[in-house]
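Inspection log for the structure reproduced underneath, given as structure tokens.
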């Protein structure tokens, strides 16, 4: 049994991405009275079972559980009250949930069959893609997951429109001799199952920690003053990057009192149009041209609102920037310092001089003896 557990713990393709921290691990078992167990399968597939046999289960244990049909092999991710909290977090009703049973700890025979089914998944996916292409189905099969007893296979696919795959199921069942189940997933879910490295250099968020996918719109980029470049805003799934939503709330809160950018500013010299905004610096830039940066003027947000109020009264301001503010600002002269240190950079231009100086230092450090004292005197 210990050998089975160690093999599963080193298995990277089977252990899922979502980890659960058991912060009740040091609580006595008498307080943990719930028999609900959360079992994790490939990638993000999780289900909840009941430990009706009273097995001593811990996180990371490989168990055989009830399935339809046969049995499946999975890994225990959490037990007891933590599993109950996980169900509440996922908005599952404990009273109405159809719990299946945990049969036993996985035996070496179960583990061998489980490994055999895993080896078939990639070949099955490639062959099923060829079959769907021959049937002219507008769909893409992204992943295949075999059940632990190798009697059932789940095919995950993406499609832009409704697909009639009844003929496909018959062909797949006849070819692989297993029960077929088709599950449609989105482009973000497919990227989460496949995985990859993002432009930030880290693992994709959808394959590492994101559990639910919230819709991302171009408004998120507009609020953050990001250039609307489709190539940079799109992720590997072809959709807008999920990370656009991470700082969106902070930007929205920061610019609650900002004036609208479509309001021009009227002055005695002409009309100024909004060019760009630095939200956290609370500064706005205005240009005399709508489309190109011409005669840019930097203004604080409070001054922009003051100019807008003046324009609404039918008056034009003399200057966009208040002269009182300009007089208060002290213009500091640029002070260049030698950040390299006492040595000059030009020392590299004359290597001969540097070599001579090094030789002189060596001669000074070298102690005098009887043999070379005479030579030095002659010289």
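Between the stretch 49-109 and the stretch 159-174, how far is it from one alpha carbon centroid to the other, in angstrom? So the separation of the two Cα centres works out to 31 Å. For the stretch 113-185, the C-alpha radius of gyration divided by 2.2 N^0.38 Å, with N the number of residues, is 1.03.
Taking each residue as 0.36 nm, the span from residue 260 to residue 52 lengthens on full extension beyond its C-alpha to C-alpha distance by 68.7 nm.
The fewest-to-most ranking of 228, 204, 233 by surrounding Cβ atoms within 10 Å reads 228, 233, 204.
The ranking of 66, 225 from fewest to most other beta carbons within 10 Å of each one's beta carbon is 225, 66. Of the residues 310, 211, the one with the fewest other Cβ atoms within 10 Å heads the list, and the complete ranking is 211, 310.
Here the simple spin-label model places points 7 Å from the Cα toward Cβ, and for residue 138 and residue 278 these points are separated by 4.9 nm. Under 13 Å from a label point set 7 Å out along the Cα-to-Cβ vector of residue 318, the amide N atoms of the stretch 260-277 belong to 268-269. Placing a pseudo-label 7 Å from each Cα along the Cα-to-Cβ vector at residue 131 and residue 197 gives an inter-label distance of 3.6 nm.
Taking each residue as 0.36 nm, the span from residue 227 to residue 90 lengthens on full extension beyond its C-alpha to C-alpha distance by 45.8 nm.
None of the figures in this text is laboratory data; all of them are computed from the coordinates on show. Predicted, not measured: the structure shown is a model, and the values here were computed from it. Positions of Cβ are generated from backbone atoms using ideal geometry, with glycine treated the same way; all protein chains shown enter the neighbour counts.
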